[in-house]
Amino acid sequence: MGALDHLRVLDLSRVLAGPWASQTLADLGADVIKIEKPGSGDDTRAWGPPWVEDAQWGEVPQSAYFVSANRNKRSVAVDIGHAEGQRIVAGLAARCDVVIENFKVGGLKAYGLDYGTLSRDHPGLVYCSITGFGQTGPYANRPGYDFLIQGMGGLMSITGRRDGEAGAGPLKVGVALTDILTGLYATVGIQAALAHRDRTGKGQHIDISLLDVQVACLANQAMNFLASGNQPPRLGNAHPNIVPYQDFPTRDGHIIVTVGNDAQFRRFADALGAPQWADDPRFSTNTARLSSRDALIPLIDVRMRLKSTASWLEILEQASVPCGPINQLADVFTDPHVLHRGMKIPLPNGGGGSLDIVGSPLHMSETPVSYRSAPPILGAHTETVLAELLDYDRDGILALKNEGVVSTM
């Protein structure tokens, strides 16, 4: 039993932020019905290579991107541009607890699938709208994409090498982090709204935007600016508030060292054979080390180059100094701890084999996450869902297919 197996979610979203939220809810047990456009489906189905081939999908491979965000869902292919398609989706919404959508502001109103319309007959509906810039404000009608928002929201201004270094300049994060964080905030908001509904019987509209999320997630860097009025500089892999907290070159590679307090720094200095640093007024406190960053880091750099990464890992771990390697993904997915924590899951397929997927980080003692099904082929559940929830018979579904309203597997 999943924590949310009493809930049904209608997912009208595509690409990443919305599907990430619905996948999280699905992992926790919710029945997620993914509405897709007949013939093409979610945009990310075509975002390959790489492709993931699996016996259960027959000759229709799925993009690795699509697979990353769509497990544990049922796919229903419906054309909402058709009046009957609109009635189908509205009928499904009436039988769901949650709707998630990421259409442009006001885009679903023309189809009668907006919150105002659906909530009139379903006042308990929790309806989550995900957009680039929100439902209100001067940018509300603009399209929003993760890369664009990382730039506009300030993240790129603090990411990248220092000015003056080779390769300096603003950089985006190597994964669509704003989309992921937006999906997680959406999940939090949805569950909060459901808790409110449980007490009052009343649903609500959740307005969540990528830009709002990106600004919120600047966290300490945002407060550094608000407190000082100074733009935080790009520091490469260094930390704006803690020193030393960065990567260092070793004799054969690199190692990350994250010294979080003065006691750790004393142990670090001892391990490097420089115990005098801990009593040097330039380095004895984190505040002093921040001011003396440019003096301290070169001293550490020289000593770290003398031994291999493996040697330093052993020395620093024995000294209880937080440290670690910089892994390639091949290292990540063979790491014994990562495997122990279930972050690579073999999901059984229809051909007797399995498909490796990334696991959920949620570990719950009473209601564990479940991996029930691989991401579905487009329209795989159209017939089942229409029959189960809307009482369509085989002839009725065939008529819808002939009219181009729905498609099935």
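The values are calculated or read from the model by the stated rules, or taken from the named source; none is laboratory data. Remember, predicted model here, so these are calculated numbers, not experimental data. Heads up, the Cβs are rebuilt from the backbone with ideal geometry, glycines too, and the neighbour counts pull from every protein chain shown. In case anyone asks, the SASA skips ligands and DNA or RNA and just uses the protein heavy atoms, side chains included. Shrake-Rupley method; radii C 1.70, N 1.55, O 1.52, S 1.80 Å.
Residues in segment 136-163 that are of a type in the set (A, V, I, L, M, F, W, C), over 30 Å from Leu118 (Cβ atoms) and part of a loop (DSSP other than H, G, I, E, B): Leu155 only. For first residues located in segment 308-322 and closer than 17 Å to Arg266 by Cα, partners that are surrounded by fewer than 14 Cβ atoms within 10 Å (Cβ to Cβ) and of a type outside the set (A, V, I, L, M, F, W, C) and lie 6+ apart or on another chain with Cβ distances below 7 Å form the pairs Pro322/Gly260. Is there a residue in segment 47-63 that is within 27 Å of Asn141 (Cα to Cα) and either in contact with an Asp or Glu (Cβ under 9 Å, 6 or more places away or on another chain) or open to solvent by 40 Å² or more (accessible area, probe 1.4 Å) (or both)? Yes, segment 47-63 contains a residue that is within 27 Å of Asn141 (Cα to Cα) and either in contact with an Asp or Glu (Cβ under 9 Å, 6 or more places away or on another chain) or open to solvent by 40 Å² or more (accessible area, probe 1.4 Å) (or both).
The helices (runs of 4 or more DSSP H) located wholly in segment 164-248 that include 2 or more residues which are β-branched (Val, Ile, Thr) and either modelled with pLDDT under 95 or under 20 Å from Gln135 (Cβ atoms) (or both) occupy 177-200, 210-216. Note down all Cβ pairs under 9 Å where the first residue falls in segment 279-291 and is under 12 Å from Asn261 (Cβ atoms), the second is of a type in the set (S, T, N, Q) and outside any helix (DSSP H, G or I), and they're at least six residues apart or on different chains. Close Cβ pairs (under 9 Å, with a partner that is of a type in the set (S, T, N, Q) and outside any helix (DSSP H, G or I)) amount to Asn286/Asn241; Asn286/Asn261. Among the residues of segment 211-231, is any open to solvent by 50 Å² or more (accessible area, probe 1.4 Å) and more than 34 Å from the chain's Cα centre (by Cα)? Within segment 211-231, none of the residues are open to solvent by 50 Å² or more (accessible area, probe 1.4 Å) and more than 34 Å from the chain's Cα centre (by Cα). Of all residue pairs spaced 6 or more apart or on separate chains, those with beta-carbon atoms under 8 Å, a first member in segment 87-111 that is without any contact (Cβ under 8 Å) to a residue 24 or more places away in the chain and a second member that is in a helix (DSSP H, G or I) are Lys109/Gly116; Lys109/Thr117.
Applying the condition of being open to solvent by 70 Å² or more (accessible area, probe 1.4 Å), of a type in the set (A, V, I, L, M) and under 16 Å from Pro38 (Cβ atoms) to segment 361-409 and asking which residue is modelled with the lowest pLDDT yields Met409. From the list Glu388, Glu403, Glu383, Glu366, the lone residue that is touching a His at 6+ places or on another chain (Cβ under 8 Å) and at negative phi is Glu403. Pairs linking a residue in segment 207-236 that is of a type in the set (Asp, Glu) to a residue that is open to solvent by less than 30 Å² (accessible area, probe 1.4 Å), with Cβ atoms under 7 Å and 6 or more positions apart or on different chains, are Asp207/Ser129; Asp207/Gly134; Asp212/Gly134. If you scan segment 271-285, which residues turn out to be under 19 Å from Ala238 (Cβ atoms) and either of a type in the set (Phe, Trp, Tyr) or open to solvent by less than 40 Å² (accessible area, probe 1.4 Å) (or both)? Correct list: Leu272, Trp277, Phe283.
Just to check your reading of the model, which residue among Phe103, Phe133 is open to solvent by less than 30 Å² (accessible area, probe 1.4 Å) and assigned to a loop (DSSP other than H, G, I, E, B)?
Numbers: Phe103 fails: open to solvent by less than 30 Å² (accessible area, probe 1.4 Å).
From the options Phe103, Phe133, the qualifying one is Phe133.
Can you report the number of residues in segment 313-324 which are part of a loop (DSSP other than H, G, I, E, B) and among the aliphatic types (A, V, I, L, M)? Please lay out each step first, then the result.
The initial filter retains those residues of segment 313-324 that are part of a loop (DSSP other than H, G, I, E, B), namely 319-322.
After this cut, where a residue has to be among the aliphatic types (A, V, I, L, M) as well, the list is 319, 321.
Summing the residues that are part of a loop (DSSP other than H, G, I, E, B) and among the aliphatic types (A, V, I, L, M) in segment 313-324 gives 2.
Given the options Arg161, Arg142, name the one that is farther than 16 Å from Arg234 by Cβ, open to solvent by 20 Å² or more (accessible area, probe 1.4 Å) and of a type in the set (Lys, Arg). Quick ask: steps written out before the conclusion?
Working: Arg161 fails: farther than 16 Å from Arg234 by Cβ.
On inspection, the qualifying residue turns out to be Arg142.
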